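The values are calculated or read from the model by the stated rules, or taken from the named source; none is laboratory data. Just so we're clear, the structure is a prediction, and the values are computed from it rather than from any experiment. As a convention, Cβ positions derive from the backbone with ideal geometry for all residues, glycine included, and neighbour counts pool all protein chains shown.
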Amino acid sequence: MVVSIMLLLSLSASYAQEFMRLGKITHSSITEISGIVPYSYERGYFWVHNDSGDGPYIYRIDSLGNLLQKVTIKGIRPIDVEDIGRVSYKNENYLLLADIGNNLRNREILSLYLIKEPKIDNTHKEITVNLERHIQIKYADKRRDCEAVFIDL
């Protein structure tokens, strides 16, 4: 079984694309990207967020790493945001910010924040959006650290 998996991995690796540097994040607001997801409304743009210690923000960047907008999410106080996901539901686009990091295992309650994905023109550098839903989660057995979230509808 191990040989089969290693063979599969080696075959997959041979078809991987070459690494290509597109740009570099240089803006002082974006210090430690922990999650990234494509912007729904136009190709070549992405939503990113910092890891712990930043605040209630997400950032829209272009494919070269340039900061285009800073978005403040009203009504949240994130602690250790580890990932961001995107989902469409009933013809609306949403972003899910996963405040699920718990490196020291000192948090019992973790949070998922759902917002409508902002459709932004390039004239506004900073905008504020409302929180649509706050989902609190707790592991059944013990406190854990989590680094990623996947959405399956």
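In the stretch 94-119, the residues that are on the phi > 0 side of the Ramachandran plot reach residues that are outside any strand (DSSP E or B) and surrounded by fewer than 21 Cβ atoms within 10 Å (Cβ to Cβ) with C-beta atoms within less than 9 angstrom, at least six apart or across chains, in these pairs: R105/K142; R105/R143; R105/R144; R105/D145.
Filtering the stretch 130-145 to residues that are under 30 Å from N66 (Cβ atoms) and over 16 Å from the mean Cα position of the chain (by Cα) leaves N130, E132. Within the stretch 128-136, can one find any residue that is assigned to a loop (DSSP other than H, G, I, E, B) and either among the β-branched types (V, I, T) or in contact (Cβ under 8 Å) with a residue 40 or more places away in the chain (or both)? Scanning the stretch 128-136, I find at least one residue that is assigned to a loop (DSSP other than H, G, I, E, B) and either among the β-branched types (V, I, T) or in contact (Cβ under 8 Å) with a residue 40 or more places away in the chain (or both), so the answer is yes.
A single entry from I127, I151 fulfils the requirement of being among the β-branched types (V, I, T) and modelled with pLDDT of 95 or more: I127. Could you tell me which residue of the stretch 96-119 is farthest from the chain's Cα centre (by Cα), considering only residues that are outside any strand (DSSP E or B) and buried (at least 17 other Cβ atoms within 10 Å of the Cβ)? Ranking the candidates gives R107 first.
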